[in-house]
Amino acid sequence: MLKLHSCSCLCGAVSVFATSMSNLVGACHCNMCRKWGGGAFLVVECGADVSFEVDSLI
């Protein structure tokens, strides 16, 4: 049985679901990522099986 992982954006308007998720977190601290996001850009590898709820807001 596959485990479904889920998360959402800060305001909760968009939910993300994935069946595969790495335990490792990647981070980028370059000037562009810090300016665009207000801090480090963080990423978790989830493979290709990812779906979004309310993807019209993305």
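The values are calculated or read from the model by the stated rules, or taken from the named source; none is laboratory data. Everything quoted here is computed from the prediction, not taken from an experiment. Here Cβ is always computed from backbone atoms with ideal geometry, including for glycine, and neighbour counts include all displayed protein chains. In case anyone asks, the SASA skips ligands and DNA or RNA and just uses the protein heavy atoms, side chains included. Shrake-Rupley method; radii C 1.70, N 1.55, O 1.52, S 1.80 Å.
Among the residues of the stretch 1-40, what is the count of those that are of a type in the set (Gly, Ala, Ser) and touching a helix residue (DSSP H, G or I) at 6+ places or on another chain (Cβ under 7 Å)? I'd like the intermediate steps shown before the answer.
Step one: filter the stretch 1-40 for residues of a type in the set (Gly, Ala, Ser), giving 6, 8, 12-13, 15, 18, 20, 22, 26-27, 37-40.
Cutting the leftovers down to touching a helix residue (DSSP H, G or I) at 6+ places or on another chain (Cβ under 7 Å) gives us 13, 40.
Selection size over the stretch 1-40: 2.
Tally the residues that are outside any strand (DSSP E or B), under 23 Å from residue 48 (Cβ atoms) and open to solvent by 80 Å² or more (accessible area, probe 1.4 Å), restricting the search to the stretch 1-37.
First, pick out the residues of the stretch 1-37 that are outside any strand (DSSP E or B): 1-4, 9-14, 19-25, 29-37.
Filter once more, so that each one left must be under 23 Å from residue 48 (Cβ atoms): 1-4, 9, 14, 19-25.
If we keep only those that are open to solvent by 80 Å² or more (accessible area, probe 1.4 Å) too, we end up with 1-4, 21, 23-25.
Final tally of qualifying residues: 8.
Those residues that are surrounded by 12 or more Cβ atoms within 10 Å (Cβ to Cβ) and either hydroxyl-bearing (Ser, Thr, Tyr) or in contact with a helix residue (DSSP H, G or I) (Cβ under 8 Å, 6 or more places away or on another chain) (or both), I need them from the stretch 41-58; list them, please.
41, 51, listed by residue number.
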